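Scroll down for the structure; my scribbles are underneath it.
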Amino acid sequence: MKAHLILTLTLAAPALAEPQVPVFQDQTATSGIAHAYTGDWEFMVGGGVAAFDCSGDGLPELFFAGGTSPAALYRNQSTPGKLAFAPQVSGLEADRVTGAWPLDVDSDGVMDLVVLRSGEDLVMRGLGECQFQRANEAWGFDGGDLWSTAFAATWEPGATWPTLAVGSYIDRKEEAFPWGSCTENRLYRPKGQGFAAPLALKPAFCALSMLFTDWNLSGRPSLRVSNDREYYKGGTEQLWHLEAEPRLYGPDEGWKPLKIWGMGIASADVNGDLYPDYYLTSMADQKLQTLADGPGKAQFKDVAFGLGATAHRPYVGGDARPSTGWHAELQDVNDDGYVDLYVVKGNVSAMPDFAKDDPNNLLLGGDTGFTEAGDRAGVASMRQGRGGSVVDLDGDGRLDLVAANRNAGAEVWRNTGSDTAGAPLGHWLMLAPQAPGANRDAVGGWIEVRVGERVQRRELTVGGGQGGGQIGWRHFGLGAAEAAEVRVIWPDGTQGAWQSLAADGFYHLPKGDPAIKR
Amino acid sequence: MQRRSFLTGSVALAVLSLTATARAATRDEAAAKVLSSWYRLALELVRHTATMTPPVASRALALLGVGAYEALVPDGRGLVTLAGQLNGLTTLPDRAPGQGYDTAVVLNGALETLVAALFSNTGPTGQRAMAAMTAKMAEQAAEGVAADVVAASRSVGAGLGAALLDWAATDGGAVIANQGFPMSWAPKGTPGEWVPTSKIALQQAPLLPDWGRNRPFAMPALTDMVALPCGIADPTPYSEDPGSAFHTEALEVYDTAKALTQDQTHIARFWSDDAMLTWTPPGHWVAILLQVAEERGLDLTARVEALARMGIGQADAFIACWAAKYRFNTVRPITYIQKVIDKAWTPLLNTPPFPEYPSGHSVQSAAGARVLTALFGPDYAFADQSPTPDGVPPRSFASFQAAADEAGISRLYGGIHFRPAIVEGAKLGACVGGFAVNLRTRA
């Protein structure tokens with residue numbers, strides 16, 4: 001962390017002992033969004049939100065899981081400074097939805113959506129203009145009938161069709177003794193222009209989050225699975241080799257058992273070693289894992305305590321019981337060049353051992369670790385949070401926040417800058433790689449942004465979080481720098497050329513061609 | 001004619017008697033099913049309720065044991081009430097004379113009431129499981145029983161459970177805040193004192209520092225956690241000097257950990273009994289009892305008697321152990337070894353977040369062995385089938401004492417205790433277990 005921080009001084013001048021706290025304005029009431037994730041026991045987990053552009057205007061729509069209520073797509077009609085959404089009849093109005101992730105499955109340039117349910121999962125083909133059509137049969141996708149709760153996607157080397165991982169939770173038919181009844185996780189591999197029958201990933205330990213990630217920059221992703229220890233017996237967090245026959249990493253490779261109430265995975269390079277680090281949400285202490293002994297071993301150490309990122313109990317509101325963390329994202333919300341951390345919190349239901357009034361966290365990265373600023377930033381929601389998104393909703397280049405809540409309305413906050421009048425934070429870039437042919441969004445690739453000697457590297461992933469994720473503009477904070485060098489490392493390992501881009505712009509990054517400013 | 005009539009009457013009485021006996025046996029079978037079902041659920045709830053750290057779990061299992069036992073006392077089985085024998089338990093509710101009661105329904109009413117209260121902090125899945133069990137057991141226990149008897153029996157059982165909860169409300173263990181961890185903790189800075197051993201924020205204070213002030217069940221009450229009724233030797237004086245006794249003890253832990261055999265590793269993991277991942281140490285010994293009771297075909301009366309003794313022995317063991325732990329407040333091996341011997345050293349097991357001396361496993365396992373030995377004899381060989389984390393296979397023992405000894409030494413193999421904590425802890429546990437063994441349960 002220290003080396004990273006020293007390097008960062010060249011980026012974010014002057015270096016701030018205390019990170020700049022961005023101001024968020026709660027625009028829920030006027031946003032047009034009125035949606036709750038509803039339900040009892042069977043919908044105590046999940047409840048995510050997916051952010052993606054299906055209208056073609058460059059602004060992300062929001063799709064909310066509904067539990068016992070119909071899922072809902074909200075079309076983004078925001079203008080800079082004003083968040084505005086309208087309900088969109090789209091073909092996505094399924095019930096029993098727990099989560100959703102956008103993915104251009106057939107690489108036709110129109111975003112599709114994978115919808116997880118307590119019941120049959122769905123792949124929904126995007127038709128354009130935010131219309132969707134069930135594609136399970138057309139693409140050979142066996143949606144099963146489980147309580148699905150986790151998702152990740154990647155393109156394996158040379159593949160023209162994605163590989164999907166779907167994690168599931170408890171056998172929902174078990175009433176008196178559900179513990180130990182974790183149902184199978186499934187791996188869907190390509191078969192022509194569709195999917196082969198799913199491969200069971202055994203053992204399964206009640207997954208609540210999954211992420212394909214190239215943790216050691218080997219050129220081939222592995223599959224991290226975060227599992228809920230409440231329900232497994234003999235289980236642990238998992239890391240799978242994504243081979244012809246997937247196999248688990250074991251102790252001989254450095255992988256150490258970790259038993260947490262694993263609920264969400266967020267990933268970014270926090271310590272500046274250019275390898276992805278992983279934030280794992282749980283109950284009480286959250287975990288922040290970095291490589292313990294270099295990329296030769298799949299061994300991670302928890303650095304959350306030292307960096308002030310445990311987020312283990314409410315920091316405001318007077319309820320001192322331990323917290324319950326769900327969705328997490330590592331993004332730079334104050335554009336200072338340090339990744340910040342957004343954690344959506346909320347009691348599972350009414351567990352007396354855990355906080356009822358459990359504010360969401362906004363932990364700002366700084367020169368001594370993370371500093372809590374959720375209350376000062378105005379985003380310390382006490383609702384029973386589940387899903388979330390850190391995404392620019394109004395196209396002004398600043399990252400806004402979304403919280404999807406259980407049995408309570410979803411919330412949106414607009415990032416107004418360093419004050420309510422819109423004074424700027426740092427500089428930023430919004431980048432969108434574009435690959436020809438399959439895997440148009442370069443999932444599994446990397447974007448590198450260089451200012452001076454320091455490089456920020458971000459893996460392009462689909463998965464993680466709690467019940468939802470996003471595809472769209474990739475945001476980088478630049479601090480005081482008015483330009484940065486940018487390149488893409490494509491999923492096939494090809495390294496794009498460095499090119500200098502002026503700050504505060506949206507750029508498409510076509511493979512093999514210069515960046516195109518929007 | 002008179003003789004024939006007499007014989008006919010005798011036969012009729014005999015038939016009636018046999019019928020009554022058969023019915024009683026059937027009701028005992030129903031009650032045994034109630035007992036085993038609620039205990040199975042209770043052990044799962046121990047694992048799945050955040051409040052249920054080992055001391056708290058021991059209290060819950062003790063109250064369940066006393067409840068199951070007392071539910072059967074008025075049945076004319078020759079059992080003697082524990083009221084008047086357990087600290088602070090002076091009386092229990094009387095039953096209305098002339099009213100028929102059903103053993104299974106009374107027992108179910110008591111256990112249902114106790115489980116609901118003792119595990120009220122469990123999450124939505126535990127709540128759902130308790131509701132399902134309540135409905136299922138109410139139906140099963142009442143099968144073939146007249147409605148008025150069911151109503152009266154359930155009321156009596158619930159009343160018993162409520163009375164026991166009232167009694168327990170003042171024992172010091174009824175309210176657990178912040179999962180047992182104080183909101184703040186200020187070390188005194190004394191060399192050799194316990195300090196936090198993990199980077200878990202919640203565990204920067206030690207678990208339940210006042211648990212040793214709780215009112216024991218059968219053991220005499222402690223005074224300010226100092227006057228332990230069984231006594232315990234002082235721990236080895238702290239020293240960082242090479243060649244000192246303390247340094248030598250630390251070296252033993254360090255050297256053992258560096259050369260662990262496969263069997264030692266297996267032993268350490270088998271007995272790890274981690275909170276929130278297993279049934280915890282008291283649950284482990286209750287599970288051993290339930291297994292042996294099944295193997296031996298113990299009748300219902302003997303089962304509740306054994307469960308009461310085991311629960312009480314475990315609860316008192318934790319109170320005595322915690323009193324000693326916070327009296328001495330000693331450092332864990334990880335702290336000492338990393339400071340004095342090898343800063344990169346880590347033990348096989350996660351170090352529990354409370355002081356080292358004496359070893360909790362040693363105290364409570366010795367107490368458990370004392371209870372089981374009194375019930376089943378000193379040479380009862382068994383294979384412990386209790387579910388273990390990570391699929392660790394069962395282990396076989398020549399006696400309960402052998403199992404307790406292994407549980408104790410497992411903590412040295414796991415790198416979380418020095419040897420004196422194990423040796424002296426076992427002595428303390430055996431003594432404390434004697435109070436449960438010496439309770440009078442038969443007329």
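Rounded to the nearest 500 deg cm²/dmol, what is the calculated helix-only ellipticity per residue at 222 nm for the protein assembly as shown, with -39500 (n - 2.57) per DSSP H run of length n ≥ 4? Walk me through the numbers before you get to the answer.
Values: 16 runs with 260 residues, N = 961.
About -9000 deg cm²/dmol.
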When the Karplus curve 6.51 cos²θ - 1.76 cosθ + 1.60 is applied with θ = phi - 60°, which whole-Hz ³J(HN,Hα) does each residue of the stretch B:236-247 get, with x for Gly and Pro? 4, x, 5, 7, 9, 6, x, x, 5, 4, 5, 4
In whole Å, what are the extents of the stretch B:2-168 along the principal axes defined by its C-alpha atoms, from largest to smallest? 71, 35, 24
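For the peptides A:357-364, B:101-108, what is the packing order when you average, over each peptide's residues, the other Cβ atoms within 10 Å and list the highest mean first?
Values: A:357-364: 26.0, B:101-108: 27.8.
Descending mean neighbour count gives B:101-108, A:357-364.
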Net charge near residue B:43, counting Lys/Arg +1 and Asp/Glu -1 over other residues with Cβ under 13 Å of its Cβ? +1
If the viscosity is 1.567 mPa s and the temperature 4 °C, what translational diffusion coefficient in µm²/s does Stokes-Einstein give for chain B when Rh comes from Kirkwood over Cα pairs? 57
If you plug each phi of the stretch A:65-72 into the Karplus form 6.51 cos²θ - 1.76 cosθ + 1.60 with θ = phi - 60°, what whole-Hz ³J(HN,Hα) values come out, in order, with x for Gly and Pro? 5, x, x, 6, 8, x, 5, 9
Relative contact order for chain A, counting Cα pairs under 8 Å that sit 6 or more residues apart, in percent: 17
Cα gyration tensor of chain A - equivalent ellipsoid semi-axes, whole Å, descending: 30, 26, 24
Under the rule of at least 5 residues apart or a separate chain, name every residue whose amide H is placed under 5 Å from the amide H of residue B:330. B:194, B:356, B:357
The answer for the net charge of residues other than residue A:75 whose Cβ lies under 12 angstrom from its Cβ, with Lys and Arg +1 and Asp and Glu -1, is -4
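Lys and Arg at +1, Asp and Glu at -1: add these up for the other residues within a Cβ distance under 15 Å of residue B:406 and post the number. Could you put the intermediate results ahead of the total?
Numbers: positive: B:269, B:395, B:411, B:419; negative: B:263, B:273, B:384, B:405.
Spelling it out: positives minus negatives among the neighbours equals 0.
How many Cβ atoms of partner chains, on average, are near each residue of B:201-210 if near means within 10 Å of its Cβ? Don't skip to the end; give the middle numbers.
On the way: counts 13, 8, 3, 2, 0, 0, 0, 0, 0, 0.
That works out to 3 on average.
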For chain B, longest principal axis from Cα atoms; helix B:124-142 axis from its Cα atoms; angle between them, nearest 10 degrees, is 30
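So how do A:22-34, B:353-365 stack up, highest first, on mean other-Cβ count within 10 Å? Numbers along the way, then the final one.
Values: A:22-34: 19.3, B:353-365: 29.5.
Descending packing order for the listed peptides: B:353-365, A:22-34.
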Residue A:202: which lysines have alpha carbons under 29 Å from its alpha carbon, excluding same-chain residues fewer than 8 sequence positions away? A:173, A:191, A:233, A:256, A:259, A:287, A:297, A:301
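Per-residue mean of other chain beta-carbon atoms within 10 angstrom of the beta-carbon, peptide A:297-309?
1
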Determine, for each peptide in A:328-335, A:106-113, the mean count of other beta carbons within 10 angstrom over its residues, then list the peptides with the highest first. A:328-335, A:106-113
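Please give me, ordered by residue number, the trypsin sites (Lys or Arg not before Pro) of the stretch A:43-136 that lie in loop per DSSP and have at most 13 other Cβ atoms within 10 Å.
Values: sites: A:75, A:82, A:96, A:117, A:125, A:134; in loops: A:96.
When the trypsin sites (Lys or Arg not before Pro) of the stretch A:43-136 are filtered for loop state and at most 13 Cβ neighbours within 10 Å, nothing remains.
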Relative contact order of the stretch A:341-401, pairs being alpha-carbon contacts under 8 Å that are 6 or more residues apart, as %: 31
Restricting attention to the stretch A:442-518, which GluC sites (Glu not before Pro) occupy a DSSP loop and are surrounded by at most 12 other Cβ atoms within 10 Å? A:453, A:482
Taking Cα atoms, the helix B:300-328 axis meets the longest principal axis of chain B at an angle in degrees (rounded to 10) of 20
Value of relative contact order over the stretch B:2-168, rounded to a whole percent, pairs C-alpha under 8 Å and six or more apart: 32
Around residue A:470, which amide H atoms from residues at least 5 apart in sequence, or from another chain, sit under 5 Å from its own amide H, with H modelled in the peptide plane? A:51, A:463
Amide H to amide H, which residues 5 or more places from residue A:35 or on other chains are under 5 Å from it, using H placed in the peptide plane? A:410
In Hz, Karplus ³J(HN,Hα) per residue of the stretch B:196-205 (6.51, -1.76, 1.60; θ = phi - 60°; x = Gly, Pro): x, 10, 10, 9, 8, 4, 4, 9, 7, 10
Qualifying GluC sites (Glu not before Pro) in the stretch A:224-319, DSSP loop, other Cβ atoms within 10 Å at most 11: A:243
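Could you estimate the translational diffusion coefficient of the stretch A:122-210 from the Stokes-Einstein equation, with Rh from the Kirkwood formula over C-alpha pairs, at 25 °C and 0.890 mPa s, in whole µm²/s? Before the final figure, lay out each step's value.
Values: Rh = 14.2 Å.
The Stokes-Einstein estimate is 173 µm²/s.
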Per-residue average of other protein chain Cβ atoms inside 10 Å, peptide B:36-42 -> 1
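Can you give the convex hull volume per residue for the Cα atoms of the stretch B:181-437, as a whole number of Å³?
Numbers: hull volume 32.2 nm³, N = 257.
With only Cα atoms used, the stretch B:181-437 gives 125 Å³ per residue.
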Residue (of B:60, B:275, B:416) at the positive-pole extreme of chain B, dipole from beta-carbon charges: B:60
Mind listing the Cα extents of the protein assembly as shown along all three principal axes, in Å, largest one first? 114, 79, 52
Between the helical axis of B:400-413 and the dominant principal axis of chain B, each derived from Cα atoms, what acute angle in degrees is found, rounded to the nearest 10? 30
Unit charges at the beta carbon, dipole of the protein assembly as shown: most positive-side option, A:516, A:97, B:319: B:319
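Throughout, read-outs are computed from the coordinates displayed, never taken from laboratory work. The structure presented is a predicted model; accordingly, all values stated were derived computationally and were not measured. Glycine also receives a Cβ, built like all others from the backbone with ideal geometry; neighbour counts cover every protein chain displayed.
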